[in-house]
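Read the structure below first, then the notes.
Derivation of every value follows stated rules applied to the coordinates shown; laboratory data play no part. All of these numbers come straight from a predicted model, not from anything done at the bench. Neighbour counts run over all protein chains shown; Cβ positions are idealised from the backbone, glycine included.
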Amino acid sequence: EKAIAPLPDPPEALKPRPPVVTIMGHVDHGKTTLLDAIRHTNVAEKEIGGITQKIGAYQVEIPKKGTITFIDTPGHEAFTAMRARGAQVTDIVILVVAADDGVMPQTVEAINHARAASVPIIVAINKVDKKEANPERVKRQLAEHGLIPEEWGGDTIFVEVSALKKQGIEDLLEMILLQAEMMELQANPSKPGRGVVIETRLDRGKGPVGTVIVKEGRLREGDYFVAGLTYGRIRAMEDDRGRKLKEALPSTPVEVIGFEDLPQAGDDFVVVKDEETAKAIAELRQKRLTRLKGKGTPVISLEELFQKIQEGETKELRIVLKADTFGSLQAIKGALEKLSSEEVKVKVIHDGVGGISESDVNLAYASKAIIIGFNAQPIGKAKETIAEKGVEVRTYKIIYELLEDIQKALKGMLEPKRQEITLGRAEVKAVFNIPKVGPVAGCYVIEGKVTRSGLARIWRGKDLLYEGKIGSLKRFKEDVREVQQGYECGLSVEGFKDWKEGDIIEVYTFEEVPVG
């Protein structure tokens with residue numbers, strides 16, 4: 001993995017790159033029609049398959065002004081599902097709101113998903129050609145959600161369009177380029193390419209195919225690559241118009257042919273020096289995944305989040321809140337946010353009326369949040385996604401119990417302040433295989449002491465291999481509580497077996513420091 005870690009770029013190597021845009025909004029507000037109007041085609045009216053090249057993204061060139069890349073899958077669900085896999089390719093979100101309908105539940109959901117990802121929003125008020133159109137009402141409604149138009153002293157760009165009549169499209173494209181200019185989007189086009197897989201399919205003739213958006217560097221025909229758990233060599237690349245490409249620069253969407261196996265949307269795509277490296281990294285990732293699955297899914301739980309806050313890793317408890325009525329939703333949201341203190345902010349990153357959806361679960365997972373349901377249960381595929389992602393969902397029927405639970409946990413978390421104390425260090429001198437126990441490290445304590453109740457970090461040179469609890473500690477086959485500097489001992493660490501002579505074990509613990 002070290003071989004593919006991104007390296008910092010010298011400032012002179014950075015060049016401007018086109019923005020990558022995702023379109024979001026409520027169902028039937030014209031997201032697909034707008035994408036089509038931008039592309040100057042009528043895809044929405046045709047059957048799926050009537051499109052010449054649908055690779056998942058396309059580029060629009062504005063003569064003498066610039067280029068914009070559009071992700072072809074509108075909606076916040078796909079956007080957040082990608083974020084849940086650790087991939088963020090979107091630079092700007094276009095929020096489509098119908099001028100006759102105004103702000104709807106999915107509009108608010110889209111705003112919250114974009115905000116959770118810290119992506120700027122441009123508002124496209126669509127269907128302004130309709131008699132019932134009321135753009136001013138839309139502006140007022142969105143201002144209530146913190147999207148204040150520039151003409152009202154805010155910093156959100158609003159553009160009035162009619163996707164159907166193709167009005168205002170050029171203005172929208174210009175505003176996207178203006179926003180991109182302010183963001184100073186840059187990448188180094190001269191190094192080996194890195195990107196994100198945004199769509200995959202199995203083609204009868206070509207085999208596994210993946211659409212990649214290049215994030216930095218350039219992809220070249222013939223390059224070896226790793227993508228998630230698979231690898232391959234770029235045999236061919238095509239753009240959204242079906243043209244063959246020899247190379248692809250930052251922000252370019254390309255369909256790549258040459259995967260050994262089908263990757264997943266959201267996988268990283270990294271060019272490596274040779275096939276051997278590509279294969280080795282893919283195999284290492286597969287082994288790691290198998291090991292993690294063996295340990296069970298990592299759960300984003302209240303306890304885990306509180307521990308992270310205790311250890312200073314985060315200062316925020318993020319919550320996705322769902323309730324059965326608007327009244328109870330507002331009451332609970334207000335009460336939860338009042339539980340914030342100087343040390344910890346309780347932040348409701350998304351709230352809504354109705355059941356807990358798959359989209360809610362993906363948002364919670366991507367944002368490291370927990371889900372609270374008040375008279376609201378998981379619906380549709382949400383149950384499977386909860387089990388797969390390991391997100392904590394707490395459901396309540398009494399508001400008092402809900403608030404008491406969070407309050408208790410916050411209090412329990414804020415009382416002790418913890419600091420790490422290094423206890424000692426030991427060097428592995430030999431490795432023994434003990435029946436029913438597995439590999440055990442024969443060690444010499446070189447500093448301080450090793451304790452049975454301690455936590456261990458295992459170092460090989462400068463590389464941190466593993467962190468975990470000490471499983472057993474022995475001297476001459478006898479279990480002991482601690483071993484002092486200058487003595488030998490045998491120890492095991494829970495979940496770790498890959499010992500080598502010369503490994504250094506750093507033993508530490510956490511100590512509670514009284515508040516104030």
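Can you flag which of Lys322/Lys408; Lys127/Lys315; Lys215/Lys368 are past 31 Å Cα-Cα?
Working: Lys322/Lys408 21 Å; Lys127/Lys315 42 Å; Lys215/Lys368 24 Å.
Over 31 Å Cα-Cα: Lys127/Lys315.
Let me know the charge dipole size of the stretch 14-187 about its Cα centre in debye, to the nearest 20, where only the beta-carbon of Lys, Arg (+1) and Asp, Glu (-1) is charged.
On the way: 19 positive and 24 negative charges, 84 e Å.
With only Lys, Arg, Asp and Glu charged at Cβ, the dipole is about 400 debye.
Go through the stretch 469-478 residue by residue and turn each phi into a ³J(HN,Hα) via Karplus (6.51, -1.76, 1.60, θ = phi - 60°); whole Hz please, and just put x for glycine and proline.
Rounded to whole hertz, the list is 7, 6, x, 8, 9, 9, 10, 6, 6, 9.
Given R₀ = 22 Å, what would the calculated FRET efficiency be for Lys287 paired with Ile504, taking r from the Cβ atoms and rounding to 0.05? Walk me through the intermediate numbers first.
Details: r = 24 Å, r/R0 = 1.07.
According to the calculation, E is roughly 0.40.
Can you classify the stretch 14-187 as rounded, prolate or oblate using the Cα gyration tensor, where a ≥ b ≥ c are the square roots of its eigenvalues, rounded means a/c under 1.5, and otherwise it's prolate if a/b beats b/c and oblate if not? List each step's numbers first, then the result.
Details: a/c = 1.30, a/b = 1.10, b/c = 1.18.
Rounded.
Rounded to two decimal places and with Rh computed the Kirkwood way over Cα pairs, what is Rg over Rh for the stretch 329-398? The partial results should precede the final answer.
Working: Rg = 12.3 Å, Rh = 12.7 Å.
Answer for the stretch 329-398: 0.97.
Using a 7 Å offset from the Cα along the Cα-to-Cβ direction at both Lys166 and Ile62, what is the distance between the two label points in nm, to one decimal?
1.7
Using alpha-carbon pairs under 8 Å, 6+ residues apart, how would you state the relative contact order of the stretch 313-455 in percent? Could you put the intermediate results ahead of the total?
Working: 216 pairs, mean separation 26.4, N = 143.
Relative contact order comes out at 18 percent.
Which ordering of Thr90, Thr80, Thr277 is given by a fewest-first count of other beta-carbon atoms within 10 Å?
On the way: Thr90 21, Thr80 28, Thr277 15.
By the 10 Å Cβ count, ascending, the order reads Thr277, Thr90, Thr80.
Apply the Karplus parameterisation 6.51 cos²θ - 1.76 cosθ + 1.60, with θ equal to phi minus 60°, to every residue of the stretch 87-102 and state each ³J(HN,Hα) to the nearest whole Hz, in sequence, with x for glycine and proline.
Each residue's phi maps through the Karplus curve to give 10, 10, 10, 6, 9, 9, 10, 9, 9, 8, 10, 6, 5, 8, 8, x Hz.
Stretched out fully, how many nm does the piece from Arg137 to Asp155 gain, at 0.36 nm a residue minus the Cα gap? List each step's numbers first, then the result.
Numbers: separation 18, 0.36 × 18 = 6.48 nm, distance 1.81 nm.
Taking Arg137 through Asp155 to full extension adds about 4.7 nm, to one decimal.
What FRET efficiency, computed as 1/(1 + (r/R0)^6) with R0 = 35 Å and r the Cβ-Cβ distance, is obtained for His145 and Ala280, rounded to the nearest 0.05? Don't skip to the end; give the middle numbers.
On the way: r = 48 Å, r/R0 = 1.38.
The value I calculate is 0.15.
Before rounding to the nearest 500, sum -39500 (n - 2.57) across all DSSP H runs of length at least 4 in the chain and divide by the residue total; then give [θ] at 222 nm in deg cm²/dmol. Don't skip to the end; give the middle numbers.
Working: 11 runs with 131 residues, N = 516.
Using -39500 (n - 2.57) per qualifying helix, the result is -8000 deg cm²/dmol.
Calculate, in nm to one decimal, what Ala236 and Gln484 gain on full extension: separation in residues at 0.36 nm each, minus their alpha carbon distance.
Numbers: separation 248, 0.36 × 248 = 89.28 nm, distance 6.16 nm.
83.1 nm is the gain from fully extending Ala236 to Gln484.
How much length is gained on full extension from Asn375 to Phe432, taking 0.36 nm per residue of separation minus their Cα-Cα distance?
Numbers: separation 57, 0.36 × 57 = 20.52 nm, distance 5.51 nm.
The Asn375-Phe432 span can extend by a further 15.0 nm.
Mean separation of Cα pairs under 8 Å and 6+ residues apart, divided by the residue count of the chain: what relative contact order is that in percent? Kindly include the intermediate steps, with their values, before the conclusion.
Working: 1135 pairs, mean separation 54.7, N = 516.
For the chain, the relative contact order is 11 percent.
Simple spin-label model, 7 Å along Cα-to-Cβ: Gln407 to Asp129 in nm?
5.7
Between the stretch 466-500 and the stretch 210-230, what is the separation of their alpha carbon centroids in Å?
If we compute the Cα centre of each part, the gap is 43 Å.
Positive end of the charge dipole of the chain (Lys, Arg +1 and Asp, Glu -1 on Cβ, about the Cα centre): tell me which of Asn188, Val60, Pro19 has its Cα farthest that way.
Asn188
What angle, in degrees between 0 and 90 and rounded to the nearest 10, separates the Cα long axis of helix 169-183 from the longest principal axis of the Cα atoms of the chain?
30
Treating the stretch 62-123 as a set of equal point scatterers at the Cα positions, no solvent, please give the Debye-formula log₁₀ I(q)/I(0) at q = 0.25, 0.29 Å⁻¹.
Treating every Cα as an identical point scatterer, log10 I(q)/I(0) equals -1.13, -1.36.
Nearest 10 degrees is fine. How inclined is helix 399-414 to the longest principal axis of the chain, computing both from alpha carbons?
Tilt of helix 399-414: around 50 degrees.
Please give the net charge around Val209, taking every other residue with its beta carbon less than 10 angstrom from that of Val209, where Lys and Arg add +1 and Asp and Glu add -1.
Working: positive: Arg201, Lys206; negative: Glu199, Asp203, Glu238, Glu255.
Residues near Val209 contribute -2 overall.
At a threshold of 8 angstrom on Cα-Cα distance, excluding pairs fewer than six apart, so keeping six or more, what relative contact order does the stretch 417-513 reach in percent?
Numbers: 252 pairs, mean separation 40.3, N = 97.
Reported as a whole number, the value is 42 percent.
Quick one: work out the % antiparallel among DSSP beta bridges in the chain, nearest 5. It would help to have the intermediate numbers written out before the result.
On the way: 87 of 125 bridges.
In the chain, approximately 70 percent of DSSP beta bridges are antiparallel ones.
Measuring from a point 7 Å past the Cα of Ser453 along Cα-to-C-beta, which residues in the stretch 460-481 have an amide N at less than 19 Å?
468-475, 479-481
Rounded if a/c is under 1.5, else prolate if a/b is larger than b/c, else oblate: which is the chain, with a ≥ b ≥ c the root eigenvalues of its Cα gyration tensor?
oblate
So for Ile176, Ile68, Ile4, fewest C-beta neighbours within 10 Å to most, what's the order?
Numbers: Ile176 26, Ile68 23, Ile4 17.
Going from least to most buried by this count: Ile4, Ile68, Ile176.
Can you give the percent of C-alpha pairs in the stretch 417-513 whose distance is more than 19 Å? Write out the running numbers ahead of the final one.
Working: 1560 of 4656 pairs.
Looking at the stretch 417-513, the distances longer than 19 Å represent 34 percent of pairs.
Which value, in debye to the nearest 20, describes the size of the charge dipole of the chain about its Cα centre when Lys and Arg Cβ atoms bear +1, Asp and Glu Cβ atoms bear -1, and nothing else is charged? Kindly include the intermediate steps, with their values, before the conclusion.
Numbers: 75 positive and 80 negative charges, 257 e Å.
It comes to approximately 1240 debye.
Among residues other than Lys347 whose Cβ falls under 12 Å from its Cβ, what is the net charge (Lys/Arg +1, Asp/Glu -1)?
Working: positive: Arg115, Lys315, Arg318, Lys333, Lys345, Lys368; negative: Glu316, Glu337, Asp351.
Net local charge, Lys347 excluded: +3.
Take the Cβ-Cβ distance between Lys347 and Lys246 as r, set R0 to 51 Å, and report the resulting FRET efficiency rounded to the nearest 0.05. Show your work: numbers first, answer last.
On the way: r = 47 Å, r/R0 = 0.93.
Plugging the Cβ-Cβ distance into 1/(1 + (r/R0)^6) gives 0.60.
Could you work out how far apart the two model spin labels at Ala335 and Lys15 are, taking each label as a point 7 Å from the Cα in the direction of the beta carbon, and quote it in nm?
Placing both labels 7 Å along Cα→Cβ, they lie 5.8 nm apart.
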